[in-house]
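Let me begin by presenting the structure, written as structure tokens, before commenting on it.
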Amino acid sequence: MNSLSLAQVLQPGVEQSESQVKKTVLKLEHVNIHYGSFQAVKDATFDIYEKHVTAFIGPSGCGKSTVLRSINRMNDMIRGSWIDGKILFNGHDLYDEQVDPVLIRRRIGMVFQKPNPFPKSIYENIAWGARINGFKGDYDELVEQSLRQAALWEEVKDKLKQNALRLSGGQQQRLCIARTIAVQPEVILMDEPASALDPIATGRIEELILELKNNYTIVIVTHNMGQASRVSDHTAFFMVDDKRTGYLQEYAETEQLFLNPQHRKTEEYISGKFG
Amino acid sequence: MKIAIEHPFGKKMRIHERLIEATLFGFALLSIVITLGIAIILIRESYLFFSDPEVELWGFLTGKEWQPMIGRFGFLPLLNATLTTSVIAMALGIPVGLFVAVYLSEYASDKTRGILKPVLEVLAGIPTIVYGYFALTFMTPLLRSIFGMETVQIYNTASAGLVIGILVLPMIATMAEDAIGAVPKELRLAAYALGGTKMETTFKVVIPAALSGLSATFLLALSRAIGETMIVALAAGAGPNLTFSPFEAAETITGYIVRISGGDVSYNSVDYNSIFALGLILFLITFTLNMISRKISRMFHQEYE
Amino acid sequence: MNDMNGQTAFGLASDVSSLMEKRRRNGLVWHIVFIFSTTLAVLFLILLVFSIIDSVFGYAVLINDVEPSALVAGKESVTDFNRAELENVARTRLSAGILRRVEYDKPIAERSDKDLVSLVEEYVVKPKVLKTWGFWGSLTERKAIETYIGENEGSYATFRSWLTPSFIMADQSADPLRAGIRTALLGSLWIILITFVFAFPIGVGAAIYLQEYAVDNRLNRMLQLNIFNLSAVPSIIYGLLGLAVFVRFMEPVTSGSFIMGTVDNTANGRTILSGGMTLGLLVLPIIIINTQEALKAVPDTLRMSAYGVGATKWQTIWYQVLPVSVDRILTGTILALSRALGETAPLVVIGASTFISVDPSGIFSKFTTLPIQIYQWSARPQGAYRNIAAAAIVSLLILLLLMNSTAIYTRDKITKKKRLEA
Ligand SMILES: Nc1ncnc2c1ncn2[C@@H]1O[C@H](COP(=O)(O)OP(=O)(O)O)[C@@H](O)[C@H]1O
Ligand SMILES: [Mg+2]
């Protein structure tokens, strides 16, 4: 794939601020998403860069989760939802008729708001995804590697056969991250992964995200401005119009967006005036 | 002398409120009375049955011949026929019921569901005697035309069993759908997000997670099959017969009770007492199955709360 | 797509796609299995309905004892006879004993034409069913029917519906051509009435206690568990309970002899009262559970607002909770009564009559019911009984349908009224 997209060429500002060349992994072009007759998101156009953390922020109901789910076609699971526009993954249209969503999801994994481990052992939780996807290597090693990457290994290495539901909420969420890592995706989508956790567990997840960024492209939805500024490199700020349709108000490098917002709405939102 | 001062907000007796509550409580207690009534009557008559000099408990439990006329009281033929019809019923009802449930909860569109649910309700609302008629006039001729008139007798346990399977199918499908529906949506999403196909998600995540709820359903269905009466009375045949062939006639426990009590049976005869002894066994089997089923289903629902 | 490092663990791109092919195929196979099972369930219902309807209509090959043309030359059917011929045939061809009885009941001269036609058919022509065909058979096996008629001299085929107004109005009879279900229908309705009177107040009362009063303690939990267990006890066990308690132990009460002195003592306690109470016990747990569901659906805010204005507990229940849940309670009750209407085994066990031709006249009468009638007829192998069994099944199903649609209708009406008042 060509690593330089047209958008990047046309955005010299972005290029300048980075010491190295950014590679676009995902490219959204005029994406509109509907639930039945209701349009939830209109005209979202932006890029997501490899091995960067991109944060989605915005008031509740502005379509952050909707956009996130459209990236690995989890929206297919919602009856009545449909999409137009293009989402390119390494240059391939994800919504091409030929594309099997099952394959997409292995390459673009997802971590949910509420930890949702399978009611099975810790070991099985991690091995399952790899197994259905035909993993051929050493499963013990895979489990250990994944748990280490998710910073959970030390806590659970003696109880891998224990039911995952007995872990604490924070541990469960890290297990879900480990489970996602185990199928070796390129992109990890996270929908408010820490909102159901206590501050300490939240801190560990944030550390983990910074760690994972070395190997994975991460997209994270958060309603916590502090979190966005701590973990992300880029931030997309979504708003709703008067028909409750969400749209992308502003997209920039995180530092820039927080220190020097271009729109009044963005400024109001990050300063906590609404949302 | 003290003068009692009534407190303006003092408690009132409200006799009639109390009376109402006591009456309603009495109604609720009646359910216990019914259970006790069932237990006492079954035990009392069974006691009379077993104290008959012709009957002995060991012979009853192990005997291979049930011929009250000539003093043979071995209940294995009846038990065997009951188990045969029930196993056949489960062999049909469990897979089909489960698959219907999976289809309804995981695959069907709202429109299809809107058609299928009423079909199941109608199937569940049809009296069992109608199923009995169906067994005799449809299932038996069908089996006979498939396997041959010589192989399949007019009355046979296969036909009764299969139709009992159809009878319990809507119950299994509905309860299994509830159990599957109780599995949190998040688990399915997690499986999909890891790249699971619909089938893998269903079989390896959803069904295992619903397993206890499903087993509770199956046990209840089994209990229902064991207690089913009119289908076997019409289609399985009259006359105890210890056979393992599903194509032969064999009378079940319930079939025997109905046949004997339908005739003129005089009180205090061995015949009269024997139907209560068989009733006691039937009650114990089904009661145990129901209790286990409830226990499991309780645990299942606690798991997801 | 280009693979990243480490992705080789999942094999080369070709491996991945061939595995994916296999997984897809697997998924497809199971999808087909699921659809197949569901189709099967629908098919069962269709077959069930078909096998019943099929037996209700079709050809019957009959043979007459005496041909109508032998009675009045040139007339093929009794219905073609004129008044004089009818009276004449009745007076001359009926056996002396029957003639005396008929004249005693109502003189022949005063009887209607229709009445005389059926008299002549019943006692003189005496048609007998030789063989019957179902609806499907009647369409496809014309040849076989004709051959059959040819083989049996004097026989003739008529296409008939076994479900007719006279089938519903007629007494029981050993002759399938004249048998009807009136007695059984009345028996069923009586039984349902007793079941309702007995189980409804107790069931609703118990449900109110469990849902509104009961605190969470051992006793109440046991009550609840016990009710669930009772609802799953095989119905035949209730028959045994009814037999021992109502028929045998409480015979003086259930036969009515304690109030009326002597009554029809052939009933021996096997009366409508016994049957109704037996089914009452059977549906009691169902009514309780359904009513509890109805009460659960009432929002707590309603109770709170009633307490808030100083209502007592019972006032709250009676004036607030019950009026808003009455529609659901009634629907639940009618569902339970539908179950009772279709029950056969418990009534057979308590010894309901299998053959009576007198209509039940009260709660101390002997009785038979529609399902028992169906059982009796289905159990006979001869062709025509199968047809009238099917006709009786259709009648039962229509009755059930009527009951359920009444339930839905009243529920909707009450719901609408509530909405208007709100
Ligand atoms: N499954 C769904 N069906 C219908 N509408 C939905 C569904 N999910 C979300 N929506 C609607 O889409 C809009 C965006 O929702 P969402 O993406 O969840 O917002 P956010 O995550 O930013 O809070 C909201 O108006 C919401 O009501
Ligand atoms: Mg969201």
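The values are calculated or read from the model by the stated rules, or taken from the named source; none is laboratory data. Worth saying up front: this structure is predicted, and the values here are computed from it rather than measured. Positions of Cβ are backbone-derived with ideal geometry, glycine not excepted, and every protein chain shown enters the neighbour counts. The area values use the complete protein model at the heavy-atom level, side chains included, leaving out ligands, DNA and RNA. Shrake-Rupley method; radii C 1.70, N 1.55, O 1.52, S 1.80 Å.
Some observations on this one:
- Filtered residues of the range C:297-312 (kept if open to solvent by 70 Å² or more (accessible area, probe 1.4 Å) and either more than 16 Å from B:Arg14 (Cβ to Cβ) or charged (D, E, K, R) (or both)): C:Pro299, C:Asp300, C:Thr301, C:Met304, C:Val309
- Breaking point among (1) crowded, with 19+ Cβ neighbours inside 10 Å; (2) in contact (Cβ under 8 Å) with a residue 40 or more places away in the chain; (3) within 14 Å of ligand 1 (Cβ to nearest atom), for A:Ile87: (3)
- Taking the range B:110-178 as the region of interest, the helices (runs of 4 or more DSSP H) fully inside it that hold 2 or more residues being facing chain C (nearest Cβ under 7 Å) are B:110-125, B:128-134.
- Residue in the range A:85-97 that is in contact with a Leu (Cβ under 7 Å, 6 or more places away or on another chain) and within 16 Å of ligand 2 (Cβ to nearest atom) present: no
- Answer from C:Thr291, C:Thr333 - the residue that is under 13 Å from C:Gly203 (Cβ atoms), over 20 Å from the mean Cα position of the chain (by Cα) and at pLDDT 90 or above: C:Thr291
- Residues of the range A:188-211 satisfying the condition of being crowded, with 22+ Cβ neighbours inside 10 Å, out of contact with any Cys (no Cβ under 9 Å at 6 or more places or on another chain) and within 14 Å of another protein chain (Cβ to nearest Cβ): A:Ile188, A:Leu189, A:Met190
- Across the range A:45-66, the number of residues qualifying as in contact with a Phe, Trp or Tyr (Cβ under 7 Å, 6 or more places away or on another chain), within 13 Å of ligand 1 (Cβ to nearest atom) and of a type in the set (A, V, I, L, M, F, W, C) comes to 3.
- For the criterion of being within 16 Å of ligand 1 (Cβ to nearest atom) and acidic (Asp, Glu), A:Asp76 passes.
- Qualifying residue in the range C:243-251 (condition: in a loop (DSSP other than H, G, I, E, B) and either at positive phi or not assigned by TED's automatic domain parsing to the domain that holds C:Gly362 (or both)): no
- Restricting the range A:39-54 to residues that are open to solvent by 60 Å² or more (accessible area, probe 1.4 Å) and more than 24 Å from A:Ile209 (Cβ to Cβ), the residue that is nearest to ligand 2 (Cβ to nearest atom) is A:Lys42.
- So B:Ser212, is it assigned to a loop (DSSP other than H, G, I, E, B) and either within 30 Å of A:Arg179 (Cα to Cα) or hydroxyl-bearing (Ser, Thr, Tyr) (or both): no
- Any hit, the range B:236-250, residues being assigned to a helix (DSSP H, G or I) and crowded, with 18+ Cβ neighbours inside 10 Å: no
- When the range A:132-152 is filtered for residues that are open to solvent by 30 Å² or more (accessible area, probe 1.4 Å), within 23 Å of the chain's Cα centre (by Cα) and on the phi < 0 side of the Ramachandran plot, the ones remaining, listed by number, are A:Gln145, A:Arg148, A:Gln149.
Every residue, every condition in (1) touching a residue at least 60 places away in the same chain (Cβ under 8 Å); (2) at the interface with another protein chain (Cβ under 9 Å from one of its Cβ atoms); (3) open to solvent by less than 20 Å² (accessible area, probe 1.4 Å), yes or no:
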residue: B:Ile180; (1), (2), (3): yes, no, yes
residue: B:Leu189; (1), (2), (3): no, yes, no
residue: B:Thr197; (1), (2), (3): no, yes, yes
residue: B:Lys204; (1), (2), (3): no, yes, no
residue: B:Ala209; (1), (2), (3): no, yes, yes
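- Which listed residue is out of contact with any Pro (no Cβ under 7 Å at 6 or more places or on another chain) and within 14 Å of chain B (Cβ to nearest Cβ), from A:Asn90, A:Asn75, A:Asn125: A:Asn75
- Of all the listed residues (C:Arg386, C:Arg380), the sole one being surrounded by fewer than 18 Cβ atoms within 10 Å (Cβ to Cβ), charged (D, E, K, R) and within 30 Å of C:Tyr59 (Cα to Cα) is C:Arg380.
- Residues that are over 30 Å from C:Arg386 (Cβ atoms) and more than 34 Å from the chain's Cα centre (by Cα), drawn from the range C:34-75: C:Ser69, C:Ala70, C:Leu71, C:Val72, C:Ala73, C:Gly74, C:Lys75
- In the range A:27-38, of all residues being near ligand 1 (Cβ under 9 Å from one of its atoms) and open to solvent by 50 Å² or more (accessible area, probe 1.4 Å), the one that is farthest from the other protein chains (Cβ to nearest Cβ) corresponds to A:Phe38.
- Residues of the range B:90-105 that are more than 17 Å from B:Ile166 (Cα to Cα) and either assigned to a loop (DSSP other than H, G, I, E, B) or more than 8 Å from chain C (Cβ to nearest Cβ) (or both): B:Ser105 alone.
- Any hit, the range C:279-289, residues being part of a helix (DSSP H, G or I) and surrounded by fewer than 23 Cβ atoms within 10 Å (Cβ to Cβ): yes
- Residue within the range C:252-273 that is within 14 Å of chain B (Cβ to nearest Cβ) and under 30 Å from C:Trp136 (Cα atoms) present: no
- Subset of the range B:225-257 [within 11 Å of chain C (Cβ to nearest Cβ) and either of a type in the set (Val, Ile, Thr) or in contact with a Lys or Arg (Cβ under 8 Å, 6 or more places away or on another chain) (or both)]: B:Ile226, B:Thr229, B:Ile231, B:Val232, B:Ala233, B:Ala238, B:Thr252, B:Ile253, B:Thr254, B:Ile257
- Filtered by the rule that a residue be open to solvent by less than 30 Å² (accessible area, probe 1.4 Å) and part of a loop (DSSP other than H, G, I, E, B), the range B:36-74 gives B:Val55, B:Gly63, B:Gly71, B:Gly74.
- For the condition under 15 Å from the mean Cα position of the chain (by Cα), more than 30 Å from A:Gly134 (Cβ to Cβ), away from ligand 2 (no atom under 16 Å from the Cβ) and not basic (Lys, Arg), A:Val231 qualifies.
- Yes/no for A:Ala236 being open to solvent by less than 70 Å² (accessible area, probe 1.4 Å) and within 16 Å of ligand 2 (Cβ to nearest atom): yes
- Looking at C:Ala144, C:Ala174, C:Ala206, just one residue is assigned by TED's automatic domain parsing to the domain that holds C:Thr344 and either of a type in the set (A, V, I, L, M, F, W, C) or in a helix (DSSP H, G or I) (or both), and that residue is C:Ala206.
- Test: residue in the range C:316-331 that is within 24 Å of B:Val122 (Cβ to Cβ), within 14 Å of chain B (Cβ to nearest Cβ) and surrounded by fewer than 24 Cβ atoms within 10 Å (Cβ to Cβ): yes
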